[in-house]
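Reviewing the structure listed below.
Rule-based calculations on the coordinates, nothing more; no lab input. Please read all numbers here as calculations on a predicted model, not as lab measurements. FYI the Cβ positions are ideal-geometry reconstructions off the backbone, even for glycines, and counts take in every protein chain you see.
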Amino acid sequence: MLDHKDIETKAQTVQREMHDRLGVRGRDLAHAMRRAGRRLPRAVRLKGNALAQAAFFAQNPKMARRLDGTEVQQSYDAVMAHLGTIDVKENRKDRLLGLAGSIAFNLLFVVGAFIGYLWWRGYV
């Protein structure tokens, strides 16, 4: 059976890893999981919420006895395995390329509209 310190350590480790990989901050793991939202797959969110609930229950000795240690460990392993696959550099590169593409499209649209306006007025 896991004790309060083990579960709290696991929750803090997951929260720290979420901050490093996703840039998500929160006052506790449950808050960080809510802020991560759809950046995590549904199965990982459910496992993370189960781990956050276990961390909350572990604070109460009567509720801590009801926790299943293998379920907590499986939730921790699943969330950490997914967070380990996230490549921070690749996400940053994708975000910058998306921004550059959006800016290029908007610039081409404005230039095309300007040329269309000049043609309509008879200057071209």
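Numbers at a glance
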quantity	calculated
Sequence of Y76, Y123, Y117 once ranked by neighbouring C-beta atoms within 10 Å, starting from the fewest	Y123, Y117, Y76
Two-site FRET efficiency, R42 against I115, from Cβ-Cβ distance with R₀ of 35 Å, rounded to 0.05	0.15
Extension gain, Q12 back to R66 (0.36 nm per residue minus Cα-Cα distance, nm)	17.3 nm
Net charge dipole size for the stretch 13-117 [Lys, Arg +1 and Asp, Glu -1 on Cβ; Debye, nearest 20]	340 debye
The chain: C-alpha gyration tensor shape, a/c 1.5 cut-off, then a/b vs b/c	prolate
Anchor K62: lysines whose Cα lies under 21 Å away (excluding residues fewer than 8 positions away in-chain)	K5, K10
Spatially proximal aspartates and glutamates relative to K93 (Cα-Cα < 17 Å; intrachain offsets below 8 disregarded)	D20
Exposure proxy order (Cβ contacts within 10 Å, fewest to most) of F114, F56	F114, F56
Helix-derived mean residue ellipticity, 222 nm - over the chain, DSSP H n ≥ 4, -39500 (n - 2.57), to 500	-26500 deg cm²/dmol
